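One structure is given below, encoded as structure tokens.
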Amino acid sequence: MLRSESAAERRFRSEVRGWLEENLPSELRYLTFRPPPDVIMPWYRRLSKRGWIAPHWPRAWGGMEASAVEEVILMEEMARAGAPDLPSQGLNHIGPILMRFGTESQKRRHLPPIIAGDVIWCQGYSEPGAGSDLAALRTRAERRGDSLVINGHKIWTTWGHHAQWMYALVRTSVGASKRDGITFVLIDLSTPGITRHPIKTIAGDDEFCEVFFDDVVVPLQNIVGEIDRGWEIATALLSEERLRVAAPLQALRALTRLHMLCEATGALEDPVLANRVVEVEIETETLIASYLSVAETHAAGGTVDSSYLKILATETVQRILDVLQEVAGERRAVKQPVPSSDKVLAFSEMFLQARRLSIYAGSNEIQRTLIATRVLGLGGAGK
């Protein structure tokens, strides 16, 4: 850590470290995958009761209203302790969007269960023919009385097979632009007509699934914002998602695993590998400094470039895990983690999982195009 901390920040770090040592179950430490809901949600709820589940949420809705530095301290200590990845679509995506765009009824209904860990959310954006070109979506919603009737197909839906609710984009009309006629809607996944199929990834997990809608009836009161005008909300959520994907937590986790492997193998005795480790340590500190700057601006209501930060964060994680592969050497062929003393050494599982990070929230190639479009003043950058 290169930054200085105040006395209050040092006390907070000590408090977090001590609490995690006492309360984080050993079976949840240093996992290389996100455990299923019956395993992870009790830990989620324990964090919620401690008041640390939503550091970026306002206190009025059960959050911590933490400073950017306090957020980073939580991330650093979670990574150090080996805390597992949590389901975050509610906390980081739909929660902040409902605070900004939702009705009072929608806020009261959906925000408290997110904080309490009583509900899991998923995102219904991508479709087989609409990923980076999100406005090409074809899932349709026809208005019938006081309801929408939805037909279509969503894919790459993270934890969609575990979730109880989905926030989704549907096409309610055809306008002059592809971005016109899109509506942002909340869907109860217990509604008849919904079918879900998990997708097994190259890493061996089933984080994703595809979701089919056949005459699914959703009340109009579940629309966020106005019908046909959901694009603004969709892009606001993507910006929020990029900011949260860009948080240094994943890089810190990867760096912790790299340090563990170096200690177990004596890799730092090799000056070339030692230099590579130092390089990614510096990159991680650069990411933390960048995140602190952007998060502070965002919290103050300023405009932030989440595209740049998303590229920096995801590619930093991937570079750390590239170095981990170098340190692993021939052991990189071992996919499953291997116990070693009181720790677990990861060789390739995290490396495989990290390939997806540069695709989340709009691929890094698309983000570079958006940045170039803005810098060159070409207009129509979109999201």
Every residue from region 159-188 that is touching a residue at least 60 places away in the same chain (Cβ under 8 Å), outside any strand (DSSP E or B) and either closer than 26 Å to residue 105 by Cα or hydrophobic (A, V, I, L, M, F, W, C) (or both) | 159, 162, 163
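Taking the stated definitions as given, is residue 201 of a type in the set (Ser, Thr, Tyr) and not in a strand (DSSP E or B)? Steps first, please.
Details: of a type in the set (Ser, Thr, Tyr): yes; not in a strand (DSSP E or B): yes.
Criteria met by residue 201.
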Counting just the residues of region 135-157 that are surrounded by fewer than 18 Cβ atoms within 10 Å (Cβ to Cβ) and assigned to a loop (DSSP other than H, G, I, E, B), which one comes out nearest to the chain's Cα centre (by Cα)?
-> 138
Can you name every residue in region 101-129 that is under 22 Å from residue 231 (Cα atoms) and in a loop (DSSP other than H, G, I, E, B)?
-> 102, 103, 125, 126, 128, 129
If you check residue 132 against the conditions, is it out of contact with any Ser or Thr (no Cβ under 7 Å at 6 or more places or on another chain), hydroxyl-bearing (Ser, Thr, Tyr) and not in a strand (DSSP E or B)?
-> no
Six or more apart or on different chains, Cβ under 7 Å: which pairs go from a residue in region 115-129 that's over 16 Å from residue 93 (Cα atoms) to one that's in a loop (DSSP other than H, G, I, E, B) and β-branched (Val, Ile, Thr)? Could you list them?
-> 127/139; 127/155; 128/155
Extreme residue, modelled with the lowest pLDDT, among residues of region 327-375 that are of a type in the set (A, V, I, L, M), exposed (fewer than 14 other Cβ atoms within 10 Å of the Cβ) and under 26 Å from residue 245 (Cα atoms) = 375
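Taking the criterion of being of a type in the set (Phe, Trp, Tyr) and assigned to a loop (DSSP other than H, G, I, E, B), would at least one residue in region 45-52 satisfy it?
Of all residues in region 45-52, those of a type in the set (Phe, Trp, Tyr) come to 52.
Adding the requirement that they be assigned to a loop (DSSP other than H, G, I, E, B) leaves 52.
Yes, region 45-52 has at least one match.
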Among what's in region 84-113 and is over 19 Å from residue 184 (Cα atoms) and at pLDDT 95 or above, pick the residue that is surrounded by the fewest Cβ atoms within 10 Å (Cβ to Cβ).
-> 112
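The values are calculated or read from the model by the stated rules, or taken from the named source; none is laboratory data. This is a predicted model, so every value here is computed, not measured. Every residue, glycine among them, receives a Cβ derived from its backbone with ideal geometry; neighbour counts consider all protein chains shown.
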